[in-house]
Amino acid sequence: MPETRPGLVLHLAGASQPLHIALDPAEADELRDVLADSMANGSTKSLITADGGRFAVNFAHVATAHFEATRSDAYGAPARGTGFRN
């Protein structure tokens, strides 16, 4: 059975499709505690992704956000790769 990872789904103001971001489990736990405040304050936060990368979010441009199980094509998912061919 595949391992499930926490994912953050961001619905950006003015964008028709949401962004799916695979998060490091510890990062997801921390973000759960401050997500509502980050949304209310419109703060900027650098998040650690599941593949060990970083992803910056300016919550001033996020209309709504929630957590769900990670999609395999989410940004920061270990199986996704860089998108560049060698």
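Summarising the label geometry, the points placed 7 Å from Cα in the beta-carbon direction at residue 71 and residue 15 lie 1.1 nm from one another. Its Cα centre serving as origin, the chain has a Cβ charge dipole (Lys and Arg +1, Asp and Glu -1) of approximately 340 debye. Pairs of Cα atoms nearer than 8 Å and 6+ residues apart set the relative contact order; for region 6-69 it is 42 percent.
Compared with the dominant principal axis of the Cα atoms in the chain, helix 25-41 is inclined by about 30°.
Read the figures in this text as sums done on the coordinates, not as results from a lab. On a predicted model such as this, the values are computed, not experimentally measured, just so you know. Neighbour counts run over all protein chains shown; Cβ positions are idealised from the backbone, glycine included.
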